[in-house]
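Participant: Mind looking over this structure? Questions follow.
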Amino acid sequence: MSEYRKFEQNLQGRIRNLSLSPNKGNAIIPLFEAITNGIHAIEEKFGKEKRHEGKIEIHFLRDSENSITSFIIEDNGIGMNRENFDSFCTFDSIKKDKIGGRGVGRLTWLKVFHKISVQTIYKKDNTTHKMSFDFKLDEEKTVDNIVTEECDLPTRTHVKLDSMFPQYQTKIPKKNDTIIRMIIAHFLNILIAKDLSITIIDNLEKINLLAKFQNIATTQKHVKFSLDIENSFENPVEFDFKYMEVPKNLLSEKDHQIFYVGDERLVESKTIGQALGLRKKSISDNEDIFFIGIVSSSYLDENVRPERNSFEISREIKEQIHKAVLDETKKILKDYIEKVYQKNIELLDEVIKSFPRYTYLAKDKDNFVRKKIPLSVTKEDMYKNLATYDYRARRDVTNNLQSINKLDALEISQKVEEIAQSVNEQNKSLLADYVMHRKVILELLENRFNANPKTGKSYKEEAIHRLICPLGLTSDDRAGITDYNLWVIDERLQFYDFWASDKQIRTFIDGSDSQSEPDIVFFDNNLLFNENHRAPYIVVEFKRPNKVTGDNPIQQCYDYIDKIRNETVKTSKGRTITNVSNTHPFFVYIICDIGNTLKKQLKDYNIFHVLHNELGYYGYNDCRKIFVQVISYDKLLEDAQKRNQSFFDRLGI
C-alpha cells in the first residue's frame with residue numbers, strides 16, 4: 001500500500017531565504033508592497049476605470065531621534081473579505097496572479113518589521129464586518145489574535161508595519177522628501193494615470209503625492225514599440241514606453257533614468273545619461289530637468305521575480321530591450337541632442353584655438369564631435385578627449401614603424417606613404433602648438449608691463465626675466481624648448497652654444513672670483529657665423545618696468561664685459577666654450593622703460609641713434625668693441641608680435 005505526505009513549509013526558513021539584504025532600496029520594499037495591496041483593494045472595489053474614487057493614506061511614525069520606525073497604510077478598498085483573508089494566509093497564493101500578485105509580498109513585512117497588525121472592514125452576505133489580527137514570524141500562530149465583529153462602517157484596511165529591525169532602520173532615510181521620491185519612482189506607472197489619491201502624513205505635515213507629482217512632472221507622453229524576443233510565447237512583443245521630464249531633485253540617482261515595470265510595480269531601473277552621452281546633464285537650459293521613461297509589457301509582467309526586485313530574463317534579452325528603449329529615447333530627444341552637438345562643436349573650436357596642435361584630429365569637426373565625443377562634456381573633458389586621440393595617433397605611428405619589416409615591398413611602399421602622411425600631420429600640429437605657446441608668452445609679457453593688480457605696483461624685472469629665460473641656470477641645465485623664450489629678444493639667441501642666466505661670473509669664467517651677476521650672457525654662435533664673421537658675445541640687462549631713474553645700466557654692462565675679456569668661458573662641468581679676446585665684439589641689449597635720466601646717460605656714452613618712434617636707441621663704442629641697443633618694453637613687445645603675427649593670423653589666434 002502506497003503512502004503520501006503533505007509537503008511542509010518552514011516560515012522562518014522562507015523569510016531567512018528572502019533575497020532582501022539591508023539597504024535603502026530593500027528597506028522600503030515592505031511599504032511598497034502594502035501600498036500595492038491598497039491599490040489592488042481599491043481596484044477590486046471600484047474597478048480600474050473608477051480608481052480615482054480610491055484613497056490611500058501613509059503615516060510615518062518616528063522615534064525620539066526623529067528616525068522612522070513604523071508605517072501605517074490605510075486604504076478605502078474592498079477590505080479583507082474571506083477570499084482575500086484566505087489568500088493572505090496562504091504562501092504563494094495565486095489569488096492575484098492575473099494582476100501580478102505573487103503571494104509573497106507580505107512576507108517582506110516579516111523580513112523587515114518585528115510586528116504587523118491589521119484592521120480591516122469588509123462585507124459578507126450584505127453585512128459589514130470588522131476584523132483585526134496580528135501577523136508575526138511564528139510557525140504556529142503566524143496570524144494571531146483574530147477578532148471579528150459586525151459593524152456599520154465603510155470598507156477599508158489599516159496595516160501597521162511596526163518596529164523596523166535595526167539593520168533596516170539604519171538604512172531608511174530620515175527625510176520624508178527622500179522617501180517620497182522613492183515612492184514616486186516606484187509607482188510612476190500609477191501616478192502617470194493621475195487617477196488615485198495618495199496622501200503622506202508625517203507628524204503635522206500632509207503631502208498629496210499625486211498633486212506633488214503632477215506639479216513637477218512635465219511633457220508626459222508615451223510611445224509603443226515591438227521586438228521579436230527569443231523563446232517568447234508571443235512575437236512580436238509589444239512594449240509601452242511612457243516618458244516625462246522631471247526635476248533633478250525628484251531622482252535619487254540625479255541622472256536620466258529608465259524604469260522597468262512588472263505587474264505595475266517598479267522592478268529595475270537603469271541610468272541612461274552615460275549611454276546617451278548626457279550623463280547627469282540637464283535637458284533644459286534654464287533648470288535641472290531630467291528625462292525618465294517607464295517601460296511596461298505583458299512580457300515583463302510574466303517574467304518578474306516573486307520578490308519583484310528583478311526579472312527572470314537572460315542578460316542578452318535585457319540588453320536587447322534596453323537597446324530598443326535607448327533608440328526610442330534618442331528619437332524623442334533628437335532636437336535637444338542636436339542642439340548639444342552644435343554647442344560641443346563650438347566648444348571644440350574653443351579648445352583647438354587654445355591648443356592648435358590638435359587641429360589635425362578634427363578636420364571635419366561635425367563628424368568628430370558626433371562620433372568621438374560624448375554629448376556631456378566640459379571644456380576640460382574636450383581637451384582630455386583630444387589628448388587621448390592624439391596619443392593614440394602617435395602610438396599607431398610607432399606601432400606601424402615597428403611592423404613595417406614584416407611587409408612585402410609593395411605593402412612597405414604603401415605603408416611608408418601612410419606613415420609619412422600621419423607624421424606630417426602630427427608635426428604640423430606640434431608647430432601649431434608652439435606658435436600658440438608664443439602667443440601666450442607675449443600676452444603674459446604684456447601683462448607684466450602693467451602694474452600688478454593685487455599690489456598696484458609694477459612687476460620687478462625678475463618677472464620679465466623669468467618669462468624669457470629661467471633664473472639661476474645655464475644652457476647646460478635647460479629642460480626643453482618651452483622652458484625659455486629667448487626669441488622674444490632675438491630669434492638668433494636660441495642658436496648660441498652657451499648662455500648663463502642670473503649666474504655669478506665666477507661660475508662660468510675660469511679662475512674668476514667675481515660675484516657680479518649679468519642677467520643673461522651668450523657665447524659663440526657657430527651655426528650662424530664663420531671665422532670671417534665672428535659672432536658677437538651678448539649681454540642682456542633688464543630693468544624694472546615703469547622705473548625711469550636709478551643705476552647706470554650702460555656702465556653696469558661695460559663692467560661685466562671688462563671682467564669677461566681675456567678670460568676663458570667654461571661650463572660647470574669643465575667644458576671650454578671659448579677664449580674671450582680683448583677685441584672680440586660684444587652686443588648689449590638693455591631692456592627698460594626710457595626716462596630722461598637714461599636719455600642723458602645715453603648721450604654721455606655716445607649712444608644717440610634713435611629707433612622707430614623713439615622707442616629705443618643704439619650706438620657703437622669702437623674703443624670697447626661694444627654695440628649697445630636700448631629697447632623699451634613697448635618696442636620689445638611690438639617687434640616680437642610683428643615677427644610672429646603671420647603665424648598667429650594663419651592659426652586664427
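The values are calculated or read from the model by the stated rules, or taken from the named source; none is laboratory data. Please read all numbers here as calculations on a predicted model, not as lab measurements. Virtual Cβ from ideal backbone geometry, glycine too; neighbours counted across all protein chains shown. Calculation scope for accessible area: heavy atoms of the full protein, side chains included, ligands and nucleic acids excluded. Shrake-Rupley method; radii C 1.70, N 1.55, O 1.52, S 1.80 Å.
Participant: Identify the single condition in (1) open to solvent by less than 50 Å² (accessible area, probe 1.4 Å); (2) outside any strand (DSSP E or B); (3) closer than 20 Å to Asp497 by Cα; (4) not hydrophobic (A, V, I, L, M, F, W, C) that Lys573 does not satisfy, given that it satisfies every other one.
Facilitator: (1)
Participant: So which of Phe165, Phe233, Phe241 is under 36 Å from the mean Cα position of the chain (by Cα) and among the aromatic types (Phe, Trp, Tyr)?
Facilitator: None of the others qualify; the one that does is Phe241.
Participant: Then there is this: Exactly one of these conditions fails for Lys270: (1) in a loop (DSSP other than H, G, I, E, B); (2) at pLDDT 80 or above; (3) open to solvent by 50 Å² or more (accessible area, probe 1.4 Å). Give me its number.
Facilitator: Just one mismatch for Lys270, condition (1).
Participant: From the list Thr398, Thr388, which residue is at pLDDT 80 or above, assigned to a helix (DSSP H, G or I) and of a type in the set (S, T, N, Q)?
Facilitator: Thr388 is the lone residue from the list that is at pLDDT 80 or above, assigned to a helix (DSSP H, G or I) and of a type in the set (S, T, N, Q).
Participant: Let me ask something else about it. So Glu234 ticks every box in (1) at pLDDT below 80; (2) exposed (fewer than 13 other Cβ atoms within 10 Å of the Cβ) but one. Which box is left unticked?
Facilitator: If we test Glu234 against (1) at pLDDT below 80; (2) exposed (fewer than 13 other Cβ atoms within 10 Å of the Cβ), just (1) comes out false.
Participant: Additional query: I'd like to know if region 240-248 contains one or more residues that are under 18 Å from Ile317 (Cα atoms) and either surrounded by 16 or more Cβ atoms within 10 Å (Cβ to Cβ) or at pLDDT 85 or above (or both).
Facilitator: Looking through region 240-248, at least one residue is under 18 Å from Ile317 (Cα atoms) and either surrounded by 16 or more Cβ atoms within 10 Å (Cβ to Cβ) or at pLDDT 85 or above (or both).
Participant: Right, something else. Cβ-Cβ distance below 8 Å, separation of 6 or more or different chains: which pairs start in region 449-468 with a residue that is surrounded by 11 or more Cβ atoms within 10 Å (Cβ to Cβ) and end on one that is assigned to a loop (DSSP other than H, G, I, E, B) and of a type in the set (Lys, Arg)?
Facilitator: Listed pairs, sorted by first residue: Ala451/Lys457; Ser458/Arg544; Ser458/Lys547; Tyr459/Arg544; Lys460/Arg544; Glu461/Lys543; Glu461/Arg544.
Participant: Residue check, Glu140 against (1) surrounded by 21 or more Cβ atoms within 10 Å (Cβ to Cβ); (2) within 30 Å of Arg82 (Cα to Cα); (3) not β-branched (Val, Ile, Thr), all met but one. Which one?
Facilitator: The one condition Glu140 does not meet is (1).
Participant: Which fully enclosed strands (runs of 3 or more DSSP E) of region 580-642 have 1 or more residues being open to solvent by less than 80 Å² (accessible area, probe 1.4 Å) and over 20 Å from Phe522 (Cα atoms)?
Facilitator: Those strands (runs of 3 or more DSSP E) span 616-621.
Participant: In region 63-78, which residues are under 11 Å from Asp162 (Cα atoms) and of a type in the set (S, T, N, Q)?
Facilitator: Thr69, Ser70
Participant: Name the residue that is modelled with the highest pLDDT, counting only residues in region 547-568 that are farther than 18 Å from Asp524 by Cβ, in contact with a Lys or Arg (Cβ under 9 Å, 6 or more places away or on another chain) and surrounded by 14 or more Cβ atoms within 10 Å (Cβ to Cβ).
Facilitator: Among them, the one singled out is Tyr558.
Participant: Same structure, new question: Can you name every residue in region 643-653 that is open to solvent by 10 Å² or more (accessible area, probe 1.4 Å) and of a type outside the set (S, T, N, Q)?
Facilitator: Result: Arg643, Phe647, Asp649, Arg650, Leu651, Gly652, Ile653.
Participant: Please go through region 536-555 and pick out each residue that is closer than 16 Å to Lys503 by Cβ and without any contact (Cβ under 8 Å) to a residue 60 or more places away in the chain.
Facilitator: Once the filter is applied, which keeps residues that are closer than 16 Å to Lys503 by Cβ and without any contact (Cβ under 8 Å) to a residue 60 or more places away in the chain, region 536-555 yields Tyr537, Ile538, Val539, Val540, Glu541.
Participant: Against the definition (closer than 14 Å to Ile28 by Cα and either modelled with pLDDT under 90 or not β-branched (Val, Ile, Thr) (or both)), how does Ile180 come out, yes or no?
Facilitator: Judged against the criteria, Ile180 is a match.
Participant: Then there's this: Please go through region 469-494 and pick out each residue that is open to solvent by less than 60 Å² (accessible area, probe 1.4 Å), modelled with pLDDT under 85 and within 23 Å of Gln641 (Cβ to Cβ).
Facilitator: Those that are open to solvent by less than 60 Å² (accessible area, probe 1.4 Å), modelled with pLDDT under 85 and within 23 Å of Gln641 (Cβ to Cβ): Tyr484, Gln494.
Participant: Got at least one residue in region 154-174 being modelled with pLDDT of 90 or more, of a type in the set (D, E, K, R) and either in a helix (DSSP H, G or I) or open to solvent by less than 30 Å² (accessible area, probe 1.4 Å) (or both)?
Facilitator: For region 154-174, residues modelled with pLDDT of 90 or more, of a type in the set (D, E, K, R) and either in a helix (DSSP H, G or I) or open to solvent by less than 30 Å² (accessible area, probe 1.4 Å) (or both): absent.
Participant: If you don't mind, there's one more thing I want to ask. State the number of residues belonging to region 45-56 that are assigned to a helix (DSSP H, G or I) and surrounded by fewer than 19 Cβ atoms within 10 Å (Cβ to Cβ).
Facilitator: Adding up the residues that qualify gives 7.
Participant: Something else now. Is one or more of the residues making up region 141-149 touching a residue at least 40 places away in the same chain (Cβ under 8 Å) and within 29 Å of Gly262 (Cα to Cα)?
Facilitator: Yes: region 141-149 contains one or more residues that are touching a residue at least 40 places away in the same chain (Cβ under 8 Å) and within 29 Å of Gly262 (Cα to Cα).
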